[in-house]
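Just so you know, all these numbers are worked out from the coordinates, no wet-lab data involved. It should be emphasised that the depicted structure is a prediction, and the values quoted were computed from it without experimental measurement. Note: ideal-geometry Cβ built from the backbone for every residue, glycine included; neighbour counts use all protein chains shown.
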Amino acid sequence: VFFFGMNAASIESFKTKLDQHYAWPSLYIFKFIVPSGKEESVKKLFPLHDTSEKQSSQGKYTSITVQMMMPSSDAVIEIYRQAAEIEGLLAL
């Protein structure tokens with residue numbers, strides 16, 4: 001949803017929305033869809049956390065959900081910045 005071609009103003013707007021909706025630290029839910037075979041790339045972003053995975057009906061994609069206590073909106077944004085480098089990833 002974000003960081004793929006977003007400019008600094010858009011990222012700052014997202015940060016503002018996060019800060020309006022969450023009282024940090026807060027539990028944040030990350031959801032991603034990746035082509036099957038790329039799951040480990042996403043899991044590496046959350047080495048100490050369990051992930052929930054569900055494969056698409058055709059088996060081409062896997063959805064990955066992670067609940068994680070995040071200290072700040074900046075920490076959430078950093079995860080999305082790292083995730084944006086995974087080829088084929090969609091953030092929900």
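For the peptides 8-15, 40-47, what is the packing order when you average, over each peptide's residues, the other Cβ atoms within 10 Å and list the highest mean first?
Highest-to-lowest ranking by the protection proxy: 40-47, 8-15.
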- request: Can you tell me the dipole magnitude for the stretch 49-92 around its Cα centre, using point charges on the Cβ only (Lys, Arg +1; Asp, Glu -1), in Debye to the nearest 20?
  value: 200
Point-charge dipole on Cβ atoms (K/R +1, D/E -1) for the chain, about Cα centre, debye to 20: 200
